[in-house]
Amino acid sequence: MGVVVRQSIQNTISTYLGFGLGAINTLVLYTRILPVSSYGLLSIQLSVATLLLPLFLFGLPNTIIKFYNKNASAEESARLNAFSLYFPLIFIFFSFAFVLIFKLGVFPFLLQKYAYVAPYAWHILGIGIGMTYFEIAYAQARVVLKTAFGNILKEIFHRLCIAIGLLGLYFDVLTLEQFFVLLVGVHFLRALVMYVYLWRYCDISFSFRRPEKLKSYLNYSLFMFLGGTAAVVILEIDKLMIYTFVNIDQVAFYTVAVFMATIVGVPARSMYQITAPLTARLLHESDYKGLQSLYKQSSLNLGMAAGGVLLLLAVNLETIYKFIPQAYGGTTVLVLLIGSSKFYDALLGNNNAILFNSPYYKSILRFGVFLAVMTVVLNYFFIPKFGIKGAAIASFLAISLYDTAKVIYVNMKYNMQPFSRGTAYLLIIIITSFALAQWVPDIENRYLSLAVNTLFTAVLYIGLLYLSKMSETFNGLVNRGKRMLF
């Protein structure tokens, strides 16, 4: 676990710095600089681009991770790297054609239905292409366990550029239209920087000869595309459906709530960058004892990290809403529901990596179709009745059922599951810490209230985890921190 812990810590730091910038953007700059409708429009552009991402990627990042270390020769790995560059162009070409037809008014009912978004179709496509090639380059860096710089680009770079753009908008250096163009340019620049890093520091080579395992790559990528689409659908389709059934202003309110809840999932995102290639290696070597150890340790360590974030979020939620415009308030239930689903997702540890890299990867297709259909149906039922709260309920139910199905399936195939006695202790500690935090007196000053609640809850939570001795890794980190401080 040494490599996992070291790079996970590096990735977690950069990811939280990125989320810190994201918090400034989302809770301060977006809500104060952009009109609500413009913020909703921006959210729709990013959501639709993200929905295009699985199509453009076609499962290639997972294919790279699965096959790169299994290839018998460096030449075949170089062919796989090159294949991942030119294959997405097929889907990008057809998307260009569709947007052109759409803009020419061949589908007038779509132009009328999405009239507010239609002028930005090219922007959406450009953002999607930039995202695609960044993710491919990042996957190529991950297979050689070079994740730190890529994670900085993934989490910090574009948010910093957007913050600068928003300030330019505020000081009338940029117009709104120029800001949207800047958004496209930032995603292209991020991909370019990632490829420069890849070529200079990751010892990655490219060969444009036909891969010998082309059929295997295509078959695996197809199933990764079909199954992986589900995760994107559940995260992004709700915003598009809110726009369809309610209005674009509600998309902005929902985006703020989802952002706060998404912070709970940051540790899982950080650790996955390194556990995915390690899981692939353990499966390739049939080291099931090591796999089970990684499964349980990743579950417990991620649960502790995500549980702590959820706890701090729940304790400070009312205070946090005092920092943003009043119009964005009233979404406490949304944050807690989606945050709880992210916590449950973290408790699964490297479950996704096991499924993606196992011989049973085709099962992802069944899970993916199940999740995608359920998400759309639940949103279709709940959003018209309950608005954005309905979208949160639908997401919570869909994610919980989906994650439970994956745990059961891995247990059936490998006779292993991520939970342990430590999981029960963790839940008790989270509930106890939340209950005790309610005794902290109310403080009128929002800055002081946030600081006191955070400090008290964090010290209490870390102390209880340390005393429980449920994780040697966690206690080792605390002891190392104590030695550095004292």
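Every read-out reported here was derived from the displayed coordinates using simple, explicitly stated rules and does not represent laboratory data. Quick caveat, the model's predicted, so the values are computed rather than measured. With ideal geometry, Cβ positions are generated from the backbone for all residues, glycine too; neighbour counts draw on all protein chains shown.
Tell me, in nm to one decimal, what length is gained between L145 and N415 on full extension, where the rule is 0.36 nm per residue of separation less the Cα-Cα distance?
Details: separation 270, 0.36 × 270 = 97.20 nm, distance 2.83 nm.
Extending this stretch completely gives an extra 94.4 nm.
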Exercise. Which ordering of L371, L401, L57 is given by a fewest-first count of other beta-carbon atoms within 10 Å?
Worked result: L401, L371, L57
Seminar exercise, completed: With only helices counted (DSSP H, runs n ≥ 4, each -39500 (n - 2.57)), the per-residue ellipticity at 222 nm for the chain, to the nearest 500, works out to -26500 deg cm²/dmol
Exercise. Can you give me the Cα centroid spacing of region 276-295 and region 224-266 in angstrom?
Worked result: 32
Problem set entry | region 122-276: translational diffusion in µm²/s, Stokes-Einstein, Kirkwood Rh over Cα pairs, 4 °C, 1.567 mPa s | 72
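Could you work out the relative contact order of region 336-403, using alpha carbon pairs under 8 angstrom and six or more residues apart, expressed as a whole percent?
Working: 42 pairs, mean separation 30.9, N = 68.
Averaging sequence separation for qualifying contacts and normalising by length gives 45 percent for region 336-403.
Could you give the length gained by full extension between V333 and I90, i.e. 0.36 nm per residue of separation minus their alpha carbon distance, to one decimal place?
Values: separation 243, 0.36 × 243 = 87.48 nm, distance 4.23 nm.
So the chain would gain 83.3 nm between V333 and I90.
Starting from the eigenvalues of the Cα gyration tensor, five times each then square-rooted, give me the equivalent ellipsoid semi-axes of region 272-430, largest first, whole Å. Could you put the intermediate results ahead of the total?
Working: eigenvalues 198, 87, 28 Å².
Value: 31, 21, 12 Å, ordered largest first.
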Problem set entry | Entries in K146/K482; K154/K322; K215/K413; K296/K413; K239/K406; K289/K342 that, when Cα-Cα distance is taken, lie over 21 Å | K146/K482; K154/K322; K215/K413; K239/K406; K289/K342
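Which whole-number percentage describes the relative contact order of the chain, with Cα contacts under 8 Å and a sequence gap of 6 or more?
Numbers: 624 pairs, mean separation 100.4, N = 486.
Relative contact order of the chain: 21 percent.
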Exercise. If one computes the Cα centroid of region 375-389 and of region 74-91, what distance in Å separates the two points?
Worked result: 40
Exercise. What is the magnitude of the charge dipole of region 2-419 about its Cα centre, with +1 placed on the Cβ of each Lys and Arg, -1 on the Cβ of each Asp and Glu, and no other charges, expressed in debye to the nearest 20?
Worked result: 700
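Between exposed GluC sites (Glu not before Pro) in the chain, where DSSP calls loop and at most 14 other Cβ atoms lie within 10 Å, what's the longest gap?
On the way: sites that count: E285, E444.
The longest uninterrupted stretch comes out as 1-284.
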Exercise. Under a plain spin-label model, where a point goes 7 Å from the Cα along Cα-to-Cβ, how far apart in nm are K482 and S73?
Worked result: 5.6
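Return the tail of the calculated pair distribution for region 405-448, meaning the percent of Cα-Cα pairs more than 13 Å apart.
In whole percent, the long-distance tail amounts to 70.
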For this session: First obtain the Kirkwood hydrodynamic radius of region 340-486 from its Cα pairs, then insert it into the Stokes-Einstein equation at 10 °C and 1.306 mPa s, and state the resulting D in µm² per second as a whole number.
Result: 85
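Checking a compactness column here: for region 335-402, what do you get for Rg(Cα) / (2.2 N^0.38 Å), N being the number of residues?
Numbers: Rg = 13.5 Å, N = 68, 2.2 N^0.38 = 10.9 Å.
Region 335-402 yields a ratio of 1.24.
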Exercise. Using a basic spin-label model with each label point 7 Å from the Cα along Cα→Cβ, how many nm lie between V377 and V28?
Worked result: 4.5
Exercise. In percent, how large is the relative contact order of region 278-353, given Cα pairs closer than 8 Å and 6 or more residues apart?
Worked result: 52
For this session: Return the loop-located chymotrypsin sites (Phe, Trp or Tyr not before Pro) in region 337-398 (DSSP other than H, G, I, E, B) with at most 15 other Cβ atoms within 10 Å of their own Cβ; answer none if there are none.
Result: Y360
